[in-house]
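Input: a single structure, listed below in structure tokens.
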Amino acid sequence: MNLTLSIWRQKGANDKGKMVDYKVTDISEHMSFLEMMDVLNEQLINQGEEPVAFDHDCREGICGMCSMYINGEAHGPDRGVTTCQLHMRMFKDGDTITIEPFRAAAFPVIKDLVVDRTSFERIQQAGGYISVNTSGNTQDANAILIPKEDADKAMDAATCIGCGACVATCKNSSAMLFVGAKVSQYALLPQGQVEATDRVLNMVKQMDEEGFGNCTNTGACEIECPKGISLENIARMNTEFMKASLKG
Ligand code: SF4
Ligand code: FES
């Protein structure tokens, strides 16, 4: 395939940035999107030009680093996959592909397609953990029986990889699907009950302080989430928040 790539180039956080067109040739349909970006970067380096900065780590859909907005969709046109799992067979010879960073006030651009998502880390640090006694008297996890339905739902919530596609997709730049998943994975388990009240209050407070917008139930986040995180998690977070607020 021969393609035109229209890519957001921005030298640094304070640079204005603009779309720049590039041509790539002989792209195999079996390549991943990031392998195609590697081909472009090799070409740019050989021409003495600055390669396009983009985030990636695992390249297998686990780390959540590969944040790209491709043809107007977070992680591109396929469903249930991250950018690193997106294959070039989703595109046609002669296509022009538009590639932009995830855009949200709480995800400022660092360079080209790389955005700063440490706001997610600060939300996680505000309550996305449980305290465990590791003094040697730790109870075996399997000693606490958990209904299968709860375990399954907690596991589903825990598959959130913190990629930020939900925020990038939402017209309000809301992080509620992410925070809902992180609150739910503990709210559904007995181990999460001890700190449940502080967790939801602190995580929601941090989410608001980071400048994420509110949820208006458009459901776009659920559609674009590569891990299929359900809106049910937002409803659960709202219930947890209400319960915690009444206690407070
Ligand atoms: S909820 Fe989905 S889209 Fe949002 S950060 Fe988690 S995995 Fe990514
Ligand atoms: S590079 Fe890790 S999820 Fe894409």
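Going through region 114-185, which trypsin sites (Lys or Arg not before Pro) have at most 11 other Cβ atoms within 10 Å and a DSSP loop state? Write down the numbers at each step before the final one.
Numbers: sites: Arg117, Arg122, Lys148, Lys153, Lys171, Lys182; in loops: Arg117, Lys171.
Passing both the DSSP loop test and the Cβ count: Lys171.
Here is the list for region 1-104: GluC sites (Glu not before Pro) lying in DSSP coil, each with at most 13 other C-beta atoms within 10 angstrom of its C-beta, are Glu29, Glu49, Glu60. Comparing Ile229, Ile144, Ile27 in a Gaussian network model of the chain (Cα springs below 10 Å), the most mobile by mean-square fluctuation is Ile144.
Could you list Asp156, Asp21 so that the one with the fewest beta carbons within 10 Å of its beta carbon is first and the one with the most is last?
On the way: Asp156 19, Asp21 10.
Ordered by Cβ neighbours within 10 Å, fewest first: Asp21, Asp156.
Between rounded, prolate and oblate, where does region 1-89 land on the alpha carbon gyration tensor, with a ≥ b ≥ c its root eigenvalues, rounded for a/c under 1.5, else prolate if a/b exceeds b/c? Oblate, since a/c reaches 1.5 and b/c is not below a/b. Build a GNM of the chain with springs between Cα atoms under 10 Å apart, and of Gly12, Gly211, Gly48 the one that fluctuates most is Gly48.
Phi angles across region 120-127 convert, under the Karplus curve 6.51 cos²θ - 1.76 cosθ + 1.60 with θ = phi - 60°, into 3J(HN,Hα) values of 5, 5, 5, 5, 4, 5, 6, x Hz, Gly and Pro given as x. Among Leu44, Leu189, Leu145, the largest mean-square fluctuation in a Gaussian network model of the chain (Cα springs under 10 Å) belongs to Leu145.
Classify region 117-247 as rounded, prolate or oblate from the Cα gyration tensor: take a ≥ b ≥ c as the square roots of its eigenvalues, call it rounded if a/c is under 1.5, otherwise prolate when a/b beats b/c and oblate if not. Cα axes put region 117-247 in the prolate bin.
3J(HN,Hα) couplings calculated from phi for region 147-164 with the Karplus curve 6.51 cos²θ - 1.76 cosθ + 1.60 (θ = phi - 60°) are, in sequence order, x, 4, 4, 5, 4, 5, 5, 5, 5, 4, 5, 6, 7, 4, 9, x, 6, x Hz; Gly and Pro show x.
Under the classification rounded if a/c is under 1.5, otherwise prolate if a/b is larger than b/c and oblate if not, where does region 73-150 fall, given a ≥ b ≥ c as square roots of the Cα gyration tensor eigenvalues? Each step should come with its number before you reach the end.
On the way: a/c = 4.02, a/b = 1.91, b/c = 2.10.
Since a/c reaches 1.5 but b/c is at least a/b, the shape of region 73-150 is classed as oblate.
With no solvent and one equal point scatterer placed on each C-alpha of the chain, evaluate the Debye formula and give log10 I(q)/I(0) for q = 0.07, 0.12, 0.14 Å⁻¹, two decimals. Listed by q, the Debye log ratios stand at -0.28, -0.73, -0.92.
DSSP loop (so not H, G, I, E, B), at most 13 other Cβ within 10 Å: list which chymotrypsin sites (Phe, Trp or Tyr not before Pro) in region 104-188 pass both filters. Let's see the in-between values first.
On the way: sites: Phe120, Tyr129, Phe178, Tyr186; in loops: Tyr129.
Of the chymotrypsin sites (Phe, Trp or Tyr not before Pro), the ones in loops of region 104-188 whose Cβ has at most 13 other Cβ atoms within 10 Å are Tyr129.
The helix-only estimate of mean residue ellipticity at 222 nm for the chain, built from DSSP H runs of length n ≥ 4 each weighted as -39500 (n - 2.57), is -10500 deg cm²/dmol after division by the residue total. A simple rule links phi to the HN-Hα coupling: the Karplus curve 6.51 cos²θ - 1.76 cosθ + 1.60 with θ = phi - 60°, which for region 182-191 gives 5, 5, 5, 4, 9, 4, 7, 10, x, 5 Hz, with x for Gly and Pro.
Values in this text are rule-based calculations from the coordinates and carry no lab data. What you see is a predicted model; the values in this text were computed from it and never measured. FYI the Cβ positions are ideal-geometry reconstructions off the backbone, even for glycines, and counts take in every protein chain you see.
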